[in-house]
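Take a look at the structure set out below.
Read-outs throughout are calculated quantities, based only on the coordinates presented, and are distinct from any laboratory measurement. Note that the coordinates shown come from a computational prediction; the quantities given were computed from them, not determined experimentally. Every residue, glycine as well, gets a Cβ built from its backbone with ideal geometry; the counts of neighbours run over all protein chains shown.
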Amino acid sequence: MKKFEGMLFCTDLDGTLYGDDKKVSRENLDAIAYFKSEGGLFTFVTGRVPATAGEIYRLVRPNAPYGCFNGGAVYDGDGERYLWQSNLAPGVEELVEMVEREMPDMGIQPNTEKAVYFHKDSPAMEVFRKGCNLPRRLSRLEEIEEPIMKIVFAHLDVEKIPVLAKLLREHPRACDFDFIRSESWLYEILPKGVSKGAALLKMAELLGIAPENTIAVGDFNNDVSMIRAAGIGFAVDNAVAEAKAVADYVTVSNNHHAIAAIVDRLDRGLFAAK
């Protein structure tokens, strides 16, 4: 039996696998290759959608499906198909209309399984498009015929995000949805019960991996559920306080090859599950 056989390792991308230079270090790539060669299953769970995850998928070559939409789906990158997904409940348009009315400078982006649309354009959405190399596909929410999997709001003034969060959570229909701050300048409406932690457990179920044999690492608020759900949960040293508070261990920062550091200590048997 190989050293990491029966283990599932899930990483966040930005701020965790990626350094601040937006690159994946050779040290991390070599550690991932070694983990897989010793029988481990390595993948990522991200807020990205398959349309924007292709480059990192080709670089990392996970040997397991990956989580996308901040936990709203599990996707088989090789087969290019969804293994599981969740859509937003009816009524989400009421929340979008409220935000557009109360915060007219807020960028609004509906995501479907096939495409990323821009319901309300903004300077923040322009930054988002450039960062993800997305086309400027403008479409009102009511014009989109596909099921909506999540709604992303964006504003370059990060002080606007807590105002937005309060507004959404006080809406009469807020109980039908979940919400997450996925970056300092991004906030999302997700289907009820959706989280990165739920996606990790769904992947483990699909792969026949015991939850106690899962490993997760992340840095931001949307990673908290995944860190908590994993058999061994890590926060990188640059993580927010909320992520560190639920982690079993705090490892090195994203600029110091965090994945390599974790794999090295796993290899030497220096971590214990909960």
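Results, tabulated for the structure shown:
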| read-out | value |
| --- | --- |
| Around N255: net Lys/Arg minus Asp/Glu count, Cβ-Cβ under 15 Å | -4 |
| Given K2/K202; K130/K202; K22/K192; K120/K160; K196/K244; K22/K166, the pairs whose alpha carbons are separated by over 21 Å | K2/K202; K130/K202; K22/K192; K22/K166 |
| Cα shape, the range 66-148, gyration tensor, a/c 1.5 rule | oblate |
| Length-normalised contact order of the range 166-248 in % [C-alpha pairs under 8 Å, at least 6 apart] | 22 percent |
| Nearest-20 debye value, the range 49-195 charge dipole, Cβ charges on Lys, Arg, Asp, Glu | 360 debye |
| Options Q109, Y66, G39, ranked by Cα towards positive dipole end of the chain, top entry (Cβ charges) | G39 |
| Sum of side-chain charges, I189 neighbourhood, beta-carbon under 12 Å (Lys, Arg +1; Asp, Glu -1) | 0 |
| Ranked packing of 130-141, 77-88, 42-53, 12-23, most packed first, by mean Cβ within 10 Å | 42-53, 12-23, 77-88, 130-141 |
| Volume in Å³ per residue [convex hull over Cα atoms, computed for the range 81-234] | 121 Å³ |
